[in-house]
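Undergrad: Take a look at the following structure, please.
Readers should treat all values here as calculations from the given coordinates under stated rules, not as data from a laboratory. Because the structure is predicted, anything quoted here is derived from the model rather than measured. Using ideal geometry, Cβ is built from the backbone for each residue, glycine included, and neighbour counts are taken over all protein chains shown.
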């Protein structure tokens, strides 16, 4: 049992670690972070910071010597390093979960072998595999790196077979395996964050519908009608149990026009689409992550408002956000991550809006003029949510 006053080490120093620490401070824990950047977001709120690369075993062992328990806040860490830490320190998430979820092909194969519905896929090692895969899956399809890559990086959309000729020759110049996925005609993109404790107890947060701009998550809103919400939560719990998760698992999924749900990807940590829980739920994903890994009972995750929308703040939004800071409405909860440099496409913070009406929140967001206006298709996606917001409002009253 790790008691308040003891130290939790975190592999990674980004905003996810930062928000975990902010929640853990209230619970009385001390925190130690390891990250290559000396002034990373999590280091600014930690008790101590170790500046070191994620593959630096010496730095990782230094973390293990000073920490009573170690967590990782993102998955681009060598599982072998985590396995080494497991020999001396409590690492509840474990290296096995990391090995599977950080590798897109292993993830897809594991889930498919356990009967979890996933997007149709093929492994691609050489160009001939790509040709065969496209013959089996059809076009359009998406070719992805199996490790690394995020926010659309490491992905190539193949609309027609002829697009193969446009791919860089370097892709198949070494023994790298890729993942080819069928591009499914989904109606909505959902995600569910589910917590699973050391004893197997589980709690799933309300799903979100996610909107992306230039492959980067722009907005998450709490989510579909009760039937879809229940189906999505049940599927996420099933995935977490299949992977024997301890901690958090974010399950991204596609909903097809007929209501079928397909798992797209998972992440063994707090997730961008779950940031709304910090202000809009009785328990945040960050506290629940800590409780699950510490062996504490998981809390209920009741929504605190009928309508919830979380919008990301990227580097290009910084100037407008700072200008609007004094005039933000009182139902807007702003989080700034403390990153030293604002870059285009870089996640610098987020704002969560709480209210009674999705439409009213969308209007508020547009009036702030921090982000570019919503497109017609984006507004249509938001309209889907209004019915469920009305239902939640009537249930509360």
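Undergrad: Just rank 51, 281, fewest to most, by other beta-carbon atoms within 10 angstrom.
TA: So the ranking, lowest neighbour count to highest, is 51, 281.
Undergrad: Among 312, 264, 331, whose mean-square fluctuation peaks in a Gaussian network model of the chain (Cα, cutoff 10 Å)?
TA: Greatest mean-square fluctuation among the candidates belongs to 331.
Undergrad: Mind sorting 80, 203 by how few other Cβ atoms lie within 10 Å of their own Cβ, fewest first?
TA: Arranged by neighbour count, lowest to highest, 80, 203 become 80, 203.
Undergrad: Please give the length that would be gained between residue 177 and residue 327 if that part of the chain were fully extended, namely 0.36 nm times their separation in residues minus their C-alpha to C-alpha distance (nm, one decimal).
TA: Gain on extension, residue 177 to residue 327, equals 49.0 nm.
Undergrad: Under a plain spin-label model, where a point goes 7 Å from the Cα along Cα-to-Cβ, how far apart in nm are residue 1 and residue 26?
TA: 2.2
Undergrad: Moving on. Taking only DSSP H segments of four or more residues, each worth -39500 (n - 2.57), what value at 222 nm results for the chain once the sum is divided by all its residues, to the nearest 500 deg cm²/dmol?
TA: -10000 deg cm²/dmol
Undergrad: I need to check one value: relative contact order of region 188-396, counting alpha carbon pairs closer than 8 Å and at least 6 residues apart, in percent.
TA: Working: 419 pairs, mean separation 42.5, N = 209.
Reported as a whole number, the value is 20 percent.
Undergrad: Additional query: If R₀ is 35 angstrom, what is the calculated FRET efficiency for the pair residue 334 and residue 225, using the beta carbon separation as r and rounding to 0.05?
TA: 0.75
Undergrad: For a quick check, take a GNM of the chain with Cα springs below 10 Å and name the residue from 171, 143, 296 with the largest mean-square fluctuation.
TA: 171
Undergrad: Another question, then. Would you mind ranking 353, 322, 74 so that the residue whose beta carbon has the fewest other beta carbons within 10 Å leads the list?
TA: 322, 74, 353
Undergrad: Using a simple spin-label model with points 7 Å from Cα along the Cα→Cβ vector, what separation in nm is obtained for residue 300 and residue 342?
TA: Each label point is offset 7 Å from its Cα along the Cβ direction, giving 4.1 nm.
Undergrad: Hey, with R₀ at 41 Å, roughly what FRET efficiency would residue 127 and residue 87 work out to, going by the Cβ-Cβ distance, to 0.05?
TA: 0.50
Undergrad: Sticking with this one: I need to check one value: relative contact order of region 7-96, counting alpha carbon pairs closer than 8 Å and at least 6 residues apart, in percent.
TA: Answer for region 7-96 is 30 percent.
Undergrad: Given a Förster radius of 41 Å and the C-beta distance between residue 383 and residue 109 as r, what FRET efficiency does 1/(1 + (r/R0)^6) yield to the nearest 0.05?
TA: Calculated transfer efficiency: 0.65.
Undergrad: With contacts defined as alpha carbon pairs under 8 Å and 6 or more residues apart, what's the relative contact order of the chain in percent? Each step should come with its number before you reach the end.
TA: Numbers: 825 pairs, mean separation 52.0, N = 397.
The value is 13 percent.
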